[in-house]
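> Handing you this structure, nothing more for now.
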Amino acid sequence: MRPSGVLRRRELLALSAVGALTACGRSAGGSPGESPAWPGELTVLTGGWRELPATPVSPRRAPTLTWTGTELLVTGGVGREVGPPVSCPPGALCVPPETEPLDGSGAFDPVSRTWRRLTGGNVFHHGPAWTGRLLTDGGTWFDPATDQTGRAPENGLLVYAPASWSGTEVLCVGTDGSGQPVPHTLWAWDPSTGATRTSRVPGPDSGETCHLAWAGGELLVESTLVPAGGDVTPVHAYDPQADRWRPTALAASAPGSTPLGSWDGSRLVRLRGSSQDGFPDDVRQLDLVDPQDGSSSAVEVPTALTTGGWTPQVVVGPGRVAVGLGGRFAVLDGETWTALPELPDVEATTIPTAAWAGERLVVWDDAMHRTGWSFEMA
C-alpha cells in the first residue's frame, strides 16, 4: 500500500501537464501594474468580444479546446477545488488539492451559438489530436458525433507528449517509463483499419520527456537528455508516408523557449525568452522557423504583453497567430501586430485558455465566473 499523499511516477507525470499551466504563468519579477496601457502603439481591430452562451457542462479551468471545422470541443480540464488549500514548500512535489469531478464535455457551434452536451471526452492521459472523426491521444478515443468512447490498440509505451495526426495515422512517441536513458519509439495507428506500426527514433538514448510538433507532412521530435541537466537531443523529422527519418538543421530548444513551437501552416512559431530555472522569463519575441532548412526570423512581441515577468500564451492556428496575457490579445499578420479590444474583468496575470475556431478566437474563462468569449476576425 502506498503512503498517503504519495503518487506513482505515471500519476505525477500526468499531473505535471496540468501544473505546467500554472507554473509557466508565474512572475519572475515586476508587477502587473508596471504594464503599459493597452493597446499601446497597436491599431485596434474593430468589432468586439461576444460572451459565449452558458454551457451544459460543469465549470472547469484549462480544458482542451479542439476545433473540428464546424464545432469547438471542450473536453477535460480541472474542476473546482473542494478541499482546504494545500500548503506546499518551494520546490516540493505535493499532491494538488481535491477537485470536483468533471461532468460532461461540450461541443459549441459558433455559427448558431449553440452547445451540445456530451458525456465523454474527459479521460485523455495527454494532449489529444483531432483526426477528422475522432479525438484521441493514442490510448483513448472519443467520437463526438456518436458521443462514444473507446480504447485504441495497446502500444506498450508511456507517452506524455501530445498526439499528432498525419492525415491517415495517429502518431505518438514514448518510452518504457523507467526514467533512465532509454530509446524513444514512435507508434503509429490507423483508426480506419486498426493497423499499428513502430519506428525507433534516431539519436542518443534519453529520458522520458520528449517534445513533438507536426509540421506540414513531418513529425518533429526532440528529447531531453538524462542526466545532462536539461540538454536536448538534435531534432529529427519523421515522414510517415515514406516511413523515413532525417536529421534537421533546427536549433535545439533553448532554456526558456517553447520547445519546437506550433505549426501555422507554413512555419513553426516559437516563443523565445531567457531562463534561470527552465521556465520562460523576459519573453520578448516570436521566432518564425522554417523546418526544412532551420532558417528563422524574429518578430518582437508587443511590449504590453511582455512586461512584469509573466509568460504570454501563443495561440497558433492555420494561417493565424495570437499572443495573449490576461484580457489582452494581439494577432500577428505577417510580421505586423494588431490588437484586439481588451477583455473585461480578466486578471492581468492570468494565462487564459484559448483556441482558434476558424475565423474566431475563443477564450475560455478559467476563473469559472462565466463561459468565455469569442472574437470574429473581419
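> Would you kindly derive the ³J(HN,Hα) couplings of segment 64-76 from the backbone phi angles with the Karplus curve 6.51 cos²θ - 1.76 cosθ + 1.60 (θ = phi - 60°), listing them in order in whole Hz, with x for Gly and Pro?
For segment 64-76, the Karplus curve yields 8, 10, 10, 8, 9, x, 10, 9, 9, 7, 10, 10, x Hz.
> Take Thr349 and Leu93, extend 7 Å from each Cα along the Cα→Cβ direction, and tell me the distance between the two endpoints in nm.
Once both label points are built, they end up 2.7 nm from each other.
> Where does each of Glu71, Glu98 land when they are ordered by accessible area, with a 1.4 Å probe and the largest first? Walk me through the intermediate numbers first.
Numbers: Glu71 35, Glu98 125 Å².
Largest accessible area first, the residues go Glu98, Glu71.
The values are calculated or read from the model by the stated rules, or taken from the named source; none is laboratory data. Treat the numbers as computed from the prediction; the structure is a model and nothing was measured. Note that each Cβ is placed from the backbone with ideal geometry, even for glycine, and that neighbours are counted across all protein chains shown. Note: accessible area is taken over every heavy atom of the protein model, side chains too, but ligands, DNA and RNA are not part of it. Shrake-Rupley method; radii C 1.70, N 1.55, O 1.52, S 1.80 Å.
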